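Each reported figure results from applying straightforward, stated rules to the coordinates on display, with no laboratory input. Because the structure is predicted, anything quoted here is derived from the model rather than measured. Reconstructed Cβ throughout: ideal geometry from the backbone, glycine too, with neighbour counts over all protein chains shown.
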Amino acid sequence: MTKILVIEDEKIIGEMISMYLTDEEFSVCRVESGQEGIDAISSFAPDVILLDLMLPDMDGIELCEKVRAYSDTPIIIISMNSKVNERVRALNAGADDYLVKPFSMQELKARIGVAVRRYKPSAPAAETDVRAYVAAGAAMEPMSANHGITLDLQKRLLAVHGQPIDTTFSEFELMKLLFQYPGRVFTRDELINTLRGIDSYVNDRAIDVHITNLRKKLELNPKEPHFIKTVWGVGYKLNLE
């Protein structure tokens, strides 16, 4: 049974979400503060975290960053704030999706399903060519030592010259796709679909933020990248030559 941790201090909203997800046969744990959320992540071990940005003891973005420092569990932000810069800020902090209140419970369930499929690659894949490999979780040979990057799908580990690199859930999913098709140019729309699925709030700017962060972690000189290349007017590709 999929376990959902709801970190939401508004009692009515929290109870509505919890009741709906319980009726849909999810296992739900609801807490009302950031510290309770941190404790529940350890004790409850959720498959997906629903995180409100306005908490009584800490900012939701701060909590997202703290969680992402030691866990790659998918985080879906639920917030009243619909501004694009706030969404980008949340994604940059390590969130994997962003839902604006009020939202449809059916949409929430669908977003959770997408997050679970991405986090558990062995789950059935979505029927799209670009995402089929990512969702299937097929074994991948370690990359040649000539370029120094290794991707371990089973351990969800990205390493550069043998040194593990911390990545967010979304950053790792992008690297999985790029590694499967080195040299192929992916449009931003294709990358958005890979991470979010249909009807996502993620936009072009969010993809650019993820790519910028990956470059900082992978490249000797992020301003003159060797691995993740920009194809102006189109998107990005991975260079392993």
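Between N203 and R156, the contour length at 0.36 nm per residue exceeds the Cα-Cα span by 14.4 nm. Of all lysines in the structure, those lying under 30 Å Cα to Cα from K216, and not within fewer than 8 positions of it along the same chain, are K66, K83, K120, K155, K176, K229, K237. Our compactness index for the chain, the C-alpha radius of gyration over the empirical 2.2 N^0.38 Å, is 1.00.
Which FRET efficiency value, to the nearest 0.05, is calculated for N221 and V100 with the Förster distance at 30 angstrom and r the Cβ-Cβ distance?
On the way: r = 38 Å, r/R0 = 1.25.
The calculated FRET efficiency here is 0.20.
Where both partners of a DSSP beta bridge lie in the chain, what percent of those bridges are antiparallel, to the nearest 5? Before the final figure, lay out each step's value.
Working: 14 of 31 bridges.
Counting only bridges with both partners in the chain, antiparallel ones make up about 45 percent.
Given springs between every Cα pair under 10 Å in a Gaussian network model of the chain, which of T168, T22, T73 has the largest fluctuation? So, out of T168, T22, T73, the one fluctuating most is T22.
Between I211, I13, I192, the Gaussian network model of the chain with springs among Cα atoms under 10 angstrom shows the greatest mean-square fluctuation at I13.
Grab the Cα-Cα distance for N85 and A45, subtract it from 0.36 nm times how many residues apart they are, and report the gain in nm with one decimal. Present the calculation step by step, with values, prior to reporting the outcome.
Numbers: separation 40, 0.36 × 40 = 14.40 nm, distance 3.02 nm.
Length gained, N85 through A45: 11.4 nm.
Between the residues G14, I192, L50, the greatest Cα displacement towards the positive end of the dipole of the chain, with unit charges on the Cβ of Lys, Arg, Asp and Glu, is found for I192.
At a Förster radius of 25 Å, what calculated FRET efficiency corresponds to the Cβ-Cβ distance of Q163 and Y70, to the nearest 0.05?
Once rounded, the FRET efficiency stands at 0.90.
The calculated 222 nm mean residue ellipticity attributable to helices in the chain amounts to -13000 deg cm²/dmol, summing -39500 (n - 2.57) over DSSP H runs of n ≥ 4 and dividing by all residues. Gaussian network model of the chain, Cα springs within a sub-10 Å range: biggest mean-square fluctuation belongs to which of G34, G162, G94? Taking springs between Cα atoms under 10 Å, the residue moving most is G162.
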